[in-house]
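Student: The structure follows.
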Amino acid sequence: MTAIISYRTNTQKIPLGFKRVLSPEILKDICVRITGQTDYVIEEQTDSYNKGRLLTVQYNGITNYVSLSETKIDGRNSSLQSVPTALNVFYSDSNPNKQLWYYFLPYTGNPFTEYHLVYYRLMETAGIKFLNINNYYSLPILPYGSVDELIKERSDNQSSNRSNNSSFVSKTADRIQLYAKTYGANKYESTVFGVALSKIADRPIDVFAVSEQDLTNLPASSLRTFDTLGNLSVYTTSLKLNRTISEGDESLRLRSAAYNYNLLNRIGMKKCAICGCEIPEIIQGAHIWGVSEIRNFESINDEQKYAHAISGHNGIWLCQNHHKLFDSAFLAFDIEGRCLVRRGIPHEHEEFIQGSIVNNHLSTSILSDDFKFYLSQRNQEIDLHSYIAV
Ligand SMILES: [Zn+2]
């Protein structure tokens, strides 16, 4: 049987750009790796430019989509920008007999940085198979086995790379959250996260499209892909838009999403600031200046109230126990970030609380000027003299 290899020859910028890259040796190699034989014909299309650096190999009733790497790997993201597009094109094909592959063209640069390797694992998890990675990289690229594993590795990868964050994954007891930026260079990255998560999720996924200025949503092609997957719901929220701070489920859901996103962005992945617990289901964003106090504060308008309520400086991660102890005033922090326990409570309770504290001081990176402002607002409500340091 003869394979049919078809592709659009033009790139967005260079007419016949792909024709130049795809030598007979490369086409033969792709054909053999997919079909196990060398017989193919080529169909070239010139009607539009190539989106997703894709070619297809039709063989034995199966449409094989092949996403081709860049030939020059420079920026961290630029060499992978076509992958989400390839995923979207793949998912827009309703034919169930299909497979998506990734093929490394001969390249210059380094496509095996820490970031790339995490991304390749995501691609594997999303169902993209590597055709020839073994030519260039000796270790196996394994898909994530669970959302926890993905969160853990993402966390390790991001802590050394904080400024480049774009998407965050988190979870609660009954839902998984994907915080997806809708702006900047990485706005398509969340597509790969969404597809990967949908394959390993054991509970429904909420995708929060986080826009910086305006209510821009995720790209339409990504929304269609998410729609196809079935276990994702997309919500649009805003970091800066004037929103009321009213109660009510929808308002609270979007406000919490923006707040959690800002906390993730500022202080990193969920980890109790007091005991170090990292079980995401029981870690919560704990407001320093509480939302009801903000709501009742009289000299600022709604827009300013909303900004305070979602500020990444106005919070820390706490486990449910420490959150409750903090909000019930058993625990407090002084302006230096020292952890304090209330005096005069039953001795055994004080002992229990003391014993549960692993970090008796907030890390200095948390103690921004804004954070200290929120802490001073909170501490106006209590008498710090009735507390003792841990
Ligand atoms: Zn804790």
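Student: All but one of (1) away from the ligand (no atom under 16 Å from the Cβ); (2) outside the structural domain of Gln380 (by TED's automatic domain parsing) hold for Ser299, so report the exception by its number.
Tutor: Tallying (1) away from the ligand (no atom under 16 Å from the Cβ); (2) outside the structural domain of Gln380 (by TED's automatic domain parsing), Ser299 fails exactly one: (2).
Student: Lys187 versus (1) modelled with pLDDT of 70 or more; (2) surrounded by fewer than 20 Cβ atoms within 10 Å (Cβ to Cβ); (3) within 28 Å of Glu303 (Cα to Cα): which is the lone unmet condition?
Tutor: Against the list (1) modelled with pLDDT of 70 or more; (2) surrounded by fewer than 20 Cβ atoms within 10 Å (Cβ to Cβ); (3) within 28 Å of Glu303 (Cα to Cα), Lys187 comes up short only on (2).
Student: Sticking with this one: Looking at Thr108, Thr85, can you tell me which residue is out of contact with any Leu (no Cβ under 7 Å at 6 or more places or on another chain) and surrounded by 14 or more Cβ atoms within 10 Å (Cβ to Cβ)? Walk me through it before giving the result.
Tutor: On the way: Thr108 fails: surrounded by 14 or more Cβ atoms within 10 Å (Cβ to Cβ).
Answer to the selection: Thr85.
Student: One residue is enough: does region 162-172 have a residue meeting the conditions more than 15 Å from Glu281 (Cβ to Cβ), assigned to a loop (DSSP other than H, G, I, E, B), at pLDDT below 90 and not aliphatic (A, V, I, L, M)? Before the answer, list the steps.
Tutor: So in region 162-172, the residues more than 15 Å from Glu281 (Cβ to Cβ) come out as 162-168.
From the residues that got through so far, the ones that are assigned to a loop (DSSP other than H, G, I, E, B) too are 165-166.
Of the ones still in play, those that are also at pLDDT below 90 are 165-166.
Narrowing the set further to residues that are not aliphatic (A, V, I, L, M) leaves 165-166.
Yes: region 162-172 contains one or more residues that are more than 15 Å from Glu281 (Cβ to Cβ), assigned to a loop (DSSP other than H, G, I, E, B), at pLDDT below 90 and not aliphatic (A, V, I, L, M).
Student: For region 108-129, how many residues are in contact with a helix residue (DSSP H, G or I) (Cβ under 7 Å, 6 or more places away or on another chain) and of a type in the set (A, V, I, L, M, F, W, C)?
Tutor: Looking only at that region, the number is 4.
Student: Residues in region 276-284: is at least one assigned to a helix (DSSP H, G or I), in the same structural domain as Val358 (by TED's automatic domain parsing) and away from the ligand (no atom under 16 Å from the Cβ)? Please lay out each step first, then the result.
Tutor: Taking region 276-284 first, the residues assigned to a helix (DSSP H, G or I) are 280-282.
Within this subset, residues satisfying the condition of being in the same structural domain as Val358 (by TED's automatic domain parsing) are 280-282.
Now narrow it down to the ones that are away from the ligand (no atom under 16 Å from the Cβ): none.
No: region 276-284 contains no residue that is assigned to a helix (DSSP H, G or I), in the same structural domain as Val358 (by TED's automatic domain parsing) and away from the ligand (no atom under 16 Å from the Cβ).
Student: I want to confirm something. Restricting to region 13-36 and keeping residues that are assigned to a loop (DSSP other than H, G, I, E, B) and on the phi < 0 side of the Ramachandran plot, which single residue is surrounded by the most Cβ atoms within 10 Å (Cβ to Cβ)?
Tutor: Taking region 13-36 first, the residues assigned to a loop (DSSP other than H, G, I, E, B) are 13-16, 22-23, 36.
Filter once more, keeping what is on the phi < 0 side of the Ramachandran plot: 13-15, 22-23.
On the way: Lys13: 7, Ile14: 13, Pro15: 12, Leu22: 19, Ser23: 12.
Ranking the candidates gives Leu22 first.
Student: Can you report the number of residues in region 307-348 which are of a type in the set (Ser, Thr, Tyr) and in contact (Cβ under 8 Å) with a residue 40 or more places away in the chain? Outline the logic, then answer.
Tutor: Initial filter on region 307-348 (of a type in the set (Ser, Thr, Tyr)): 311, 328.
Subset that is in contact (Cβ under 8 Å) with a residue 40 or more places away in the chain: 311.
Count: 1.
Student: Same structure, new question: Within region 37-48, can one find any residue that is buried (at least 19 other Cβ atoms within 10 Å of the Cβ) and under 29 Å from Asn110 (Cα atoms)?
Tutor: Taking region 37-48 as the starting set, the residues that turn out to be buried (at least 19 other Cβ atoms within 10 Å of the Cβ) are 40.
Then drop every residue that is not under 29 Å from Asn110 (Cα atoms), which leaves none.
No - not one qualifying residue is present in region 37-48.
Student: Next up: What is the number of the single condition among (1) among the small types (Gly, Ala, Ser); (2) crowded, with 17+ Cβ neighbours inside 10 Å; (3) without any contact (Cβ under 8 Å) to a residue 40 or more places away in the chain that Gly61 does not meet?
Tutor: (2)
Student: Being under 24 Å from Thr11 (Cβ atoms), of a type in the set (Val, Ile, Thr), at pLDDT 95 or above and assigned by TED's automatic domain parsing to the domain that holds Leu54 narrows it down to one of Ile73, Ile128, so name that one.
Tutor: Numbers: Ile73 fails: at pLDDT 95 or above.
Criteria check complete, one pass: Ile128.
Student: Show me the strands (runs of 3 or more DSSP E) found entirely inside region 52-158 where at least 2 residues are under 28 Å from Ile205 (Cβ atoms). Give the steps one after another, and end with the answer.
Tutor: Numbers: elements: 54-59, 62-68, 98-103, 128-130.
Those strands (runs of 3 or more DSSP E) span 62-68, 98-103, 128-130.
The values are calculated or read from the model by the stated rules, or taken from the named source; none is laboratory data. Here the structure is a predicted model, which means the values were calculated and not measured. Backbone-built Cβ (ideal geometry, glycine too); neighbour counts: all protein chains shown.
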